[in-house]
1. Given the criterion in contact (Cβ under 8 Å) with a residue 12 or more places away in the chain and under 15 Å from the mean Cα position of the chain (by Cα), identify the matching residue among Asn32, Asn43.
2. May I ask you to list pairs of residues, at least six apart or on different chains, whose Cβ atoms are under 7 Å apart, with the first in region 99-120 being without any contact (Cβ under 8 Å) to a residue 40 or more places away in the chain and part of a strand (DSSP E or B) and the second being buried (at least 18 other Cβ atoms within 10 Å of the Cβ) and of a type outside the set (D, E, K, R)?
3. In this structure, does Tyr79 turn out to be aromatic (Phe, Trp, Tyr) and more than 10 Å from the chain's Cα centre (by Cα)?
4. Could you name every one of the strands (runs of 3 or more DSSP E) located completely within region 1-97 that has at least 1 residues being open to solvent by less than 30 Å² (accessible area, probe 1.4 Å), of a type in the set (D, E, K, R) and closer than 22 Å to Val118 by Cβ?
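The values are calculated or read from the model by the stated rules, or taken from the named source; none is laboratory data. Keep in mind the model is a prediction, meaning the values are calculated, not measured. Here the Cβ positions follow ideal geometry from the backbone for every residue, glycine too, while neighbour counts run over all protein chains shown. In case anyone asks, the SASA skips ligands and DNA or RNA and just uses the protein heavy atoms, side chains included. Shrake-Rupley method; radii C 1.70, N 1.55, O 1.52, S 1.80 Å.
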Amino acid sequence: QVQLVGSGGGLVRAGGSLRLSCAASGRIFSMNLMRWYRQAPGNQRELVATITSGGTTNYTDSVKGRFTISKDFAKNTVYLQMSGLKPEDTAVYYCQALIYTVPGVLSAYWGQGTQVTVSS
């Protein structure tokens, strides 16, 4: 089985920065893409950022210019560098990976989530 472990969350003041990490382990043939989602209590889960194996990135409008997703797929790891944090960024952040466990078999895996809290 593939496991994803997210880390790096914490409590920061508005305007501060955090870097989240998500490392995958297990039977991994290759990484297709990795994503960061977030979910605040009572809210829908929101896709925050995506990075493909080719390095293409995409962000939700609310984080453009503030968040940067990057990867080191050789280490099966994705990062989310968050700067200029706002209280509305407060949420549990989850990583998702689409992984070829063997050639031709693509599956989605989720990390356990890491809490990001931004104070006013």
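1. On the way: Asn43 fails: under 15 Å from the mean Cα position of the chain (by Cα).
Step by step, each of Asn32, Asn43 is checked, and only Asn32 is in contact (Cβ under 8 Å) with a residue 12 or more places away in the chain and under 15 Å from the mean Cα position of the chain (by Cα).
2. Matching pairs, first to second residue: Ala108/Gln96.
3. On the way: aromatic (Phe, Trp, Tyr): yes; more than 10 Å from the chain's Cα centre (by Cα): no.
Against the criterion (aromatic (Phe, Trp, Tyr) and more than 10 Å from the chain's Cα centre (by Cα)), Tyr79 does not qualify.
4. On the way: elements: 3-7, 10-13, 18-25, 30-39, 46-52, 57-59, 67-72, 77-82.
So the answer is 30-39.
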